[in-house]
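To start, the structure itself, in structure tokens.
Values quoted throughout were computed directly from the atomic coordinates according to the rules given, and no laboratory measurement underlies them. Because the structure is predicted, anything quoted here is derived from the model rather than measured. For neighbour counting, all protein chains shown are included, and Cβ atoms are generated from backbone atoms with ideal geometry for every residue, glycine included.
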Amino acid sequence: MSETQHHHSHKKLYIIIFFALTLLTGVELLIPGLDTSYALKATGLISLALGKAFLVAYFYMHLNEETTALRYLAAVPMAAFLYAAVLIAESMFR
């Protein structure tokens, strides 16, 4: 018995993600012009970059269709980033 695979189009989802990434990029372009502290600007830009990276990895790289173990494996670099961010923040506020 052969199983037939039903492929459905991801076109609508990809278009929605594309516009979400475009919106986040637009917000990123506005942040440097804001009249706020450097730390707040940096935090905002880093947060937006992480959000965009998550969207790309989860939808375009199909991590949403992978096993839980592989998802955790993909999260390991995020832990390294958080460690680096804490070190940078600690040195910035000395």
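Some observations on this one:
- Among [x] 50, 29, 18; [y] 41, 31, 24; [z] 67, 29, 10, the entry that matches Cα extents along the principal axes in Å as calculated here: [z]
- 222 nm mean residue ellipticity, helices alone, for the chain (DSSP H n ≥ 4; -39,500 (n - 2.57); rounded to 500): -23000 deg cm²/dmol
- Helical segments meeting 30 Å axial Cα length and Kyte-Doolittle 1.0 threshold in the chain (DSSP H): 68-92
- Ordering of 41-54, 18-31 by packing is 41-54, 18-31, highest average first (other Cβ atoms within 10 Å, averaged per residue).
- All aspartates and glutamates inside 17 Å of K11 as judged from Cα atoms, apart from same-chain residues fewer than 8 positions distant: E65
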